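The values are calculated or read from the model by the stated rules, or taken from the named source; none is laboratory data. Keep in mind it's a predicted model, so treat the numbers as computed, not measured. Cβ sites come from the backbone with ideal geometry, for glycine too, and all protein chains shown count toward neighbours.
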């Protein structure tokens, strides 16, 4: 795919997966156009008038939707984007999707029916939520409070997601595939807290809370709409429907996914939970 002009678009290139995908592609010698709201060619899901500038001259795109495919209007924007992508000559689209999310599956259907070559990368709970996301501060404070009860989740290392995405963008044998990308083991969040405790040397506890308590906390952080959407996601995905392992990493890469404990050890060694980090 290397040419004199950028040929692979990465939408959401400052995010957890997008930043990794853009870096891996560049390291492999591909021409990459990483876009976000602050990039040289800005991309904003709320400003469709700027989408074509991002799409011009690219043959493949990795698409992440911020803040989540469950947000109101996401499906309409994904549909408008794929329609424009087909119009300007994009060949392949790879969509990051959420496992067990009905709204995400609607967006998957839009991409599947777009007429473009595509790959759907449907992911479980990110390990990096604990090291780079909204759960980093709770880890540092020693208490992870979630409305998950005793539900087990096949937590996935985002580095595995990035490896799968890069493979799908650069090898046509992945066209038309749906990859369910998970970790290698089902973990309760109490077990996740134990792995974090061992890796960090801090005492970290998991406290199950109600959806109402979670919603109240999210209102304080992001306001009522953010709280409504993320509480809805938790209600849907933390009901046990995701208590199974996916084979996406094995099918796409021919290897096993990374274990959560290994992620914790690596992140700790790299200073993820250092106070000065």
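Among the residues making up segment 50-75, those that are assigned to a helix (DSSP H, G or I) and out of contact with any helix residue (DSSP H, G or I) (no Cβ under 9 Å at 6 or more places or on another chain) are 50, 53, 54. Taken over segment 102-132, residues that are in a loop (DSSP other than H, G, I, E, B) and surrounded by fewer than 22 Cβ atoms within 10 Å (Cβ to Cβ) amount to 5.
Conditions tested, residue by residue: (1) within 18 Å of residue 123 (Cα to Cα); (2) in a loop (DSSP other than H, G, I, E, B); (3) at pLDDT 95 or above.
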{"site": "197", "(1), (2), (3)": "no, no, yes"}
{"site": "215", "(1), (2), (3)": "no, no, yes"}
{"site": "245", "(1), (2), (3)": "yes, yes, yes"}
{"site": "256", "(1), (2), (3)": "yes, yes, yes"}
{"site": "264", "(1), (2), (3)": "no, no, yes"}
{"site": "277", "(1), (2), (3)": "no, yes, no"}
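Among residues of segment 1-34 being touching a strand residue (DSSP E or B) at 6+ places or on another chain (Cβ under 6 Å), assigned to a loop (DSSP other than H, G, I, E, B) and modelled with pLDDT of 95 or more, the one that is surrounded by the most Cβ atoms within 10 Å (Cβ to Cβ) is 13. Here is the figure for segment 161-195: residues that are under 26 Å from residue 232 (Cα atoms), in a helix (DSSP H, G or I) and touching a helix residue (DSSP H, G or I) at 6+ places or on another chain (Cβ under 9 Å) total 4.
If we scan segment 99-119, do we find a residue that is closer than 23 Å to residue 272 by Cβ, at pLDDT 95 or above and within 19 Å of the chain's Cα centre (by Cα)? Checked against the condition, which is being closer than 23 Å to residue 272 by Cβ, at pLDDT 95 or above and within 19 Å of the chain's Cα centre (by Cα), segment 99-119 yields no hits at all.
Among the residues of segment 112-142, those that are over 25 Å from residue 234 (Cβ atoms) and touching a residue at least 24 places away in the same chain (Cβ under 8 Å) comprise 114, 115, 116, 117, 118, 119.
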